[in-house]
Structures are given as C-alpha cells and as structure tokens.
Amino acid sequence: MMAAASYKSSQIMNFLSCIFFRRTMALKTYSTFVFLIATGISIADDGHHEMEEFLKRELSLSKPYQGVGSSSSSHWELMGDAMVTTEQIRLTSDMQSKQGAVWSRIPCHLRDWELQVHFKIHGQGKKNLNGDGLAIWYTKERMQKGPVFGNQDLFTGLGLFVDTYPNEEKQLEAQKTRYTTRTQRIFPYVLAMVGNGSISYDHERDGRPTELGGCSAMVRNLKHDTFLFIRYVRRRLTVMMDTDGQHEWRDCLDIPGVRLPQGYYFGASAITGDLSDNHDVISLKVYQLTVLRSEAEEDEEGDEITIPSVDNMDLLRMGENEEGWSSIAIFFTLLFSMLGFFLLIVVGLIVYSHWNENRRKRFY
Ligand SMILES: *[C@@H]1O[C@H](CO)[C@@H](O)[C@H](O)[C@H]1NC(C)=O
Ligand SMILES: [Ca+2]
C-alpha cells in the first residue's frame, strides 16, 4: 500500500514537473517575444559593421542651387509655391494655403543609402498656431500635388513627416475629450510611413493609423541649424535628428524589415493651410553606403523588391493601438492565466488521486 502510494505520487510529480517545464518553456518564448516588441525588435546592430560613405552629388541638393528652378538641365525641379533664394529652397512662405515641393530628376539606384536633410521651420505664429509641416520623400512618383504635406496621397514609397500641427488633438479638444497620456504625442512630431500605392494618409489623425514609428522634436523657430538623418541599410530604416544645436544625433526611430525598391526619387514638400510657416530646405545630401554582406545576408535579401512593404507591421502597430493591449498587459495576463491553469491542474490531480484511492479502497 505504502509503496503503491509513493509510486503514484512520484508519478504525479513527474507529470507535474513535465507540465511545469513545458509551461516555463512557453513562458520563456513568450517573454522573449514580448521583450522583442518592447525593445522595438532591435536584435541586429549595425554598429559592428564597417561602412563607407560616399556623397552622391548628382542625387544631392546644396548651395549654390545652380539652375534649380530655372534650368531644365538641373538635377532638381521646383513645384507649386516653392522658390529658390541664395540661402535656401523655400517650399512655402509663412502665408496661408501654400504648397510647394522640390524633386530630384534622377532616380536613386543605391541599395544602401543615407539622406542628410538640413531644414528650417520658422514663422510668426505662436505655438500650435502654425502649420502644417514638411515631408521628405523617397517615392516612385514625383511632382504630384496633393494633401499629404503638399504631395499626393496613396504614394508608393517612404514618407517622413515633420508634422507641426496636432490635428487630432485639436479635434478632440473641440469635442472636449481627452487623451490618455499613453497615446498623446507631443508636436512637432516626426513620423515615418511606407505606402504601397493603396494606403491613405489620415490627415485628421496626423497619420496615426499608418505610423511606423516616430518621435517628438522641437524644431520650430530655433536659432541653430536643424538636421534630419535617414539611413536605409540592409532593409533597416533609421531616423535620427540633430535639433538641439549640440551636433549630436538623437535616435528617432529604428525599424528593421522595411522593403523599399530601388530607382525611386528623393523629394521634399510642404503645405500651409489656415495656419502657416516658412518651410525651408537648405540641403539634401545623399550618401552611398558601401556595406559588406555575408553570403547568408545576400541570400536573405536576394529577391528584388517591387512593392514597398514593412515586415511584421502588425507587431509594430500592436504597442500603438489605443484599443489594443500593451505588451506588458498581455505578458501579465498570460503569466497569471498560466499560473491559474497550473493551479487548476494541481488541484485536479490531487482530487483525482484521492478519488482513485477511495475507489480502490472500495474494491478491496
Ligand atoms: C498595400 O498594403 C495594404 C495594407 O497592408 C494591403 O491590404 C494591400 O494589399 C497592399 N497593396 C499592394 C498592391 O501590395
Ligand atoms: Ca498634422
């Protein structure tokens, strides 16, 4: 009797530890997964790779803007209200209902590149009484007027927006509803979006539904120079800002798995509405990056990209979704439901073994 009981309990213990082990494994996998989301899925690090930069003059725009806006042989073309001065390309002046753009005439066939944008946004309006912002583009289309910072909607490629007016917040204020602090964004807000020709930019919500990533940046009416830095290497999109006058790059966003075709055009555009600002571009400098790839990396990136897309878009968006759960909440819910499940099994097994023993007792 004794032997049988201890055999049984050790069997139960075995069974339990087996379950427990499997649970912990699952939990481990899950927490790794949550960790990846929490850290913005940043596993690979480009810091360990050698890279060479090489300025591509034919793709760049800088002073003196020789022939820009006047010569058809210039590599850059103006549109709308944009005008060239000795100091800058002014996309819009500080007046209502203006829109302007400057576009490269030469498609960029670089695989890995870096774009350094020297820009300036300034005007008479007080804080939040200015608008609407400027955009930097790497798109299939060029020279198209439209509502997305002066460019067309349903664009194909990358758009990086320096949004200076919080449309969504103002609208909610008017409706007397408030943000939860988690979802509020401080403006000006820099935001990245990848379009495939059928994704619309939601102006009323400042692009929130299609946001890939972003950051706040106080870029308006500053005495010092302001820069944006966009790097595209190994399908990884990194944006940094230098807006504090400290000559230091500050991280803004870093997203792996961004698929952008080659042969698109660089451009910059801006728009004003009821509210306005001067939106100036001082330079757009394109660098070719020479990246050494291992054979495995070559294979991985071997297939040519024809339509822009972003891997794991759902995962990226999970943390930002207002209605959705934060990764922490999901983690704890899962943790506690697993513990609950575990407890239930323990109780169940104890009850079962008691019942079993009672049944045997009845037999003998
Ligand atoms: C563009 O993206 C949307 C949303 O991810 C998708 O539904 C659509 O099929 C894509 N269009 C193309 C042409 O790939
Ligand atoms: Ca806006």
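Considering only strands (runs of 3 or more DSSP E) fully contained in segment 230-289, which possess at least 1 residues that are in the same structural domain as residue 144 (by TED's automatic domain parsing) and of a type in the set (Phe, Trp, Tyr)?
On the way: elements: 236-242, 250-255, 265-271.
In segment 230-289, the matching strands (runs of 3 or more DSSP E) lie at 265-271.
If I filter segment 180-199 down to residues being part of a loop (DSSP other than H, G, I, E, B) and within 15 Å of ligand 2 (Cβ to nearest atom), which single residue comes out as surrounded by the most Cβ atoms within 10 Å (Cβ to Cβ)? Even if it seems obvious, please write down each step before you answer.
If we filter segment 180-199 for residues that are part of a loop (DSSP other than H, G, I, E, B), which is where we start, we get 180-188, 197-199.
Next, only the ones that are within 15 Å of ligand 2 (Cβ to nearest atom) stay: 184-188.
Working: 184: 13, 185: 18, 186: 11, 187: 25, 188: 22.
In this case the residue turns out to be 187.
Which of the following residues is under 20 Å from residue 286 (Cα atoms), of a type in the set (A, V, I, L, M) and modelled with pLDDT of 95 or more: 121, 106? Give the steps one after another, and end with the answer.
On the way: 121 fails: under 20 Å from residue 286 (Cα atoms).
None of the others qualify; the one that does is 106.
Which condition breaks for residue 177 when tested against (1) of a type in the set (Ser, Thr, Tyr); (2) within 15 Å of ligand 2 (Cβ to nearest atom); (3) without any contact (Cβ under 8 Å) to a residue 40 or more places away in the chain?
Single failed check for residue 177: (2).
Restricting attention to segment 81-137, which residues are part of a strand (DSSP E or B), under 28 Å from residue 254 (Cα atoms) and either within 16 Å of ligand 1 (Cβ to nearest atom) or aliphatic (A, V, I, L, M) (or both)? Please lay out each step first, then the result.
The first filter runs over segment 81-137 and keeps only residues part of a strand (DSSP E or B), leaving 83-84, 89-92, 99-104, 108, 113-122, 133-137.
Checking which are under 28 Å from residue 254 (Cα atoms) leaves us with 91, 101-104, 108, 113-122, 133-137.
If the condition is that a residue be part of a strand (DSSP E or B), under 28 Å from residue 254 (Cα atoms) and either within 16 Å of ligand 1 (Cβ to nearest atom) or aliphatic (A, V, I, L, M) (or both), then 91, 101, 102, 115, 117, 121, 134, 135, 136 are the ones that fit.
Does residue 218 count as within 14 Å of ligand 2 (Cβ to nearest atom) and not β-branched (Val, Ile, Thr)? Walk me through how you get there before you give the answer.
Working: within 14 Å of ligand 2 (Cβ to nearest atom): no; not β-branched (Val, Ile, Thr): yes.
The answer is no for residue 218.
Assuming residue 296 fulfils every condition listed in (1) more than 18 Å from the chain's Cα centre (by Cα); (2) without any contact (Cβ under 8 Å) to a residue 40 or more places away in the chain; (3) under 30 Å from residue 66 (Cα atoms) apart from one, which condition is it?
For residue 296, the exception is condition (3).
Residue under question is residue 267, and the condition is that it be under 20 Å from residue 135 (Cβ atoms), within 16 Å of ligand 2 (Cβ to nearest atom) and either surrounded by fewer than 18 Cβ atoms within 10 Å (Cβ to Cβ) or not basic (Lys, Arg) (or both); does it hold? Spell out how you get there, then give the answer.
Working: under 20 Å from residue 135 (Cβ atoms): yes; within 16 Å of ligand 2 (Cβ to nearest atom): no; either surrounded by fewer than 18 Cβ atoms within 10 Å (Cβ to Cβ) or not basic (Lys, Arg) (or both): yes.
Against the criterion (under 20 Å from residue 135 (Cβ atoms), within 16 Å of ligand 2 (Cβ to nearest atom) and either surrounded by fewer than 18 Cβ atoms within 10 Å (Cβ to Cβ) or not basic (Lys, Arg) (or both)), residue 267 does not qualify.
Any residue at all in segment 310-326 that's of a type outside the set (Phe, Trp, Tyr), modelled with pLDDT of 90 or more and either at negative phi or assigned by TED's automatic domain parsing to the domain that holds residue 120 (or both)? Step through it out loud before you land on a result.
Taking segment 310-326 first, the residues of a type outside the set (Phe, Trp, Tyr) are 310-324, 326.
Next, only the ones that are modelled with pLDDT of 90 or more stay: 310-311.
Then drop every residue that is not either at negative phi or assigned by TED's automatic domain parsing to the domain that holds residue 120 (or both), which leaves 310-311.
Yes, segment 310-326 contains at least one residue that is of a type outside the set (Phe, Trp, Tyr), modelled with pLDDT of 90 or more and either at negative phi or assigned by TED's automatic domain parsing to the domain that holds residue 120 (or both).
When both residues are 6+ apart or on different chains and their Cβ atoms are under 7 Å apart, which pairs have a first residue that lies in segment 83-103 and is farther than 23 Å from residue 265 by Cβ and not assigned by TED's automatic domain parsing to the domain that holds residue 68, and a second that is at pLDDT 95 or above and surrounded by fewer than 19 Cβ atoms within 10 Å (Cβ to Cβ)?
As it stands, the answer is none, since no pair meets every condition given.
Can you confirm whether residue 149 is within 15 Å of ligand 2 (Cβ to nearest atom) and buried (at least 23 other Cβ atoms within 10 Å of the Cβ)? Outline the logic, then answer.
On the way: within 15 Å of ligand 2 (Cβ to nearest atom): yes; buried (at least 23 other Cβ atoms within 10 Å of the Cβ): yes.
Here the answer is yes, as residue 149 does meet what is asked.
For residues that are assigned to a loop (DSSP other than H, G, I, E, B) and out of contact with any Phe, Trp or Tyr (no Cβ under 8 Å at 6 or more places or on another chain), scanning just segment 145-157, find the one that is farthest from residue 66 (Cα to Cα). Don't jump to the end; show me each part of the working.
Within segment 145-157, the subset assigned to a loop (DSSP other than H, G, I, E, B) is 149-150, 152-155.
From what's left, out of contact with any Phe, Trp or Tyr (no Cβ under 8 Å at 6 or more places or on another chain): 150, 152, 154.
Values: 150: 24, 152: 27, 154: 32 Å.
Only one residue fits best here, namely 154.
Residue by residue through segment 95-107, note down the ones that are surrounded by fewer than 18 Cβ atoms within 10 Å (Cβ to Cβ) and either among the charged types (D, E, K, R) or in contact with a Phe, Trp or Tyr (Cβ under 9 Å, 6 or more places away or on another chain) (or both).
At the first step, the residues of segment 95-107 found to be surrounded by fewer than 18 Cβ atoms within 10 Å (Cβ to Cβ) are 95-97, 105-107.
Passing the criteria: 105, 106, 107.
The values are calculated or read from the model by the stated rules, or taken from the named source; none is laboratory data. Being a predicted model, the structure only gives us computed values, none of them experimental. Here the Cβ is made from the backbone with ideal geometry for all residues, glycine too, and neighbour counts use every protein chain on show.
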